[in-house]
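What follows is a short report on a single structure.
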Amino acid sequence: MQWWGPRVCPDGRAVDRSVVASIVFADPEQLRRLEGLLYPRIAERRDAQVARFEQNAAIRAIVLDAPKLIEAGLDNQCDAIVLVDADRNRRLQRLAASRGWTEADLLARERRQISVDEKRAKADEVIINDADVCALRPVVRAAFERILGAFHRGRPDQVHS
């Protein structure tokens, strides 16, 4: 990325995401600039994939996994919104272990999104992720079966359990 100089891509090939994050989460204008570059490209690829999937009758559902789904207005394209949530301390522990994030890193990102309370209010299903992935799988599966069942019965407004 020539925008921010060689420190973003020190080896000339791979972008150092932590450097980009330090830039964009410190300056809202730089975040808008990056989103302005990425979001149209992401939307184009997403829309093409969705169109392709919609042609396949065997596909029962299409899942959009988007951290800023609501902020980007994608919630208006979804038949149901599922929020997978964990308490803040657990999120911080996981992010510290998987990405090396500090509490300040998490806070910087949270400030650029709507609140978890707003996300909960918009969600049709809220899944609490307070254990490991093995415990989470059946909970997610049950939520999706409820959602798909509501659509199968022709009542998408009755998604809630």
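The values are calculated or read from the model by the stated rules, or taken from the named source; none is laboratory data. Predicted model only: the values in this text are computed from it and were never measured. In this analysis, Cβ positions are derived from the backbone assuming ideal geometry, glycine residues included, and neighbour counts consider all displayed protein chains.
For the stretch 28-51, give me each residue that is in contact with a Lys or Arg (Cβ under 9 Å, 6 or more places away or on another chain) and farther than 16 Å from Ala66 by Cα.
Pro28, Leu31
From Leu83, Leu92, which residue is over 22 Å from Tyr39 (Cβ atoms) and outside any loop (DSSP other than H, G, I, E, B)? Even if it seems obvious, please write down each step before you answer.
Working: Leu83 fails: over 22 Å from Tyr39 (Cβ atoms).
Selected residue: Leu92, the only one of Leu83, Leu92 that is over 22 Å from Tyr39 (Cβ atoms) and outside any loop (DSSP other than H, G, I, E, B).
Arg45 fails exactly one of the following numbered conditions: (1) closer than 30 Å to Ala131 by Cβ; (2) at pLDDT 95 or above. What is the number of that condition?
Here Arg45 clears every test but (1).
Kindly provide the set of residues from the stretch 13-36 that are within 25 Å of Gly100 (Cβ to Cβ), without any contact (Cβ under 8 Å) to a residue 24 or more places away in the chain and loosely packed, with under 11 Cβ neighbours inside 10 Å, ordered by number.
Arg13, Ala14, Arg17
Checking the condition out of contact with any Pro (no Cβ under 9 Å at 6 or more places or on another chain), acidic (Asp, Glu) and surrounded by fewer than 12 Cβ atoms within 10 Å (Cβ to Cβ), which residue from Asp85, Asp117 passes?
Answer to the selection: Asp117.
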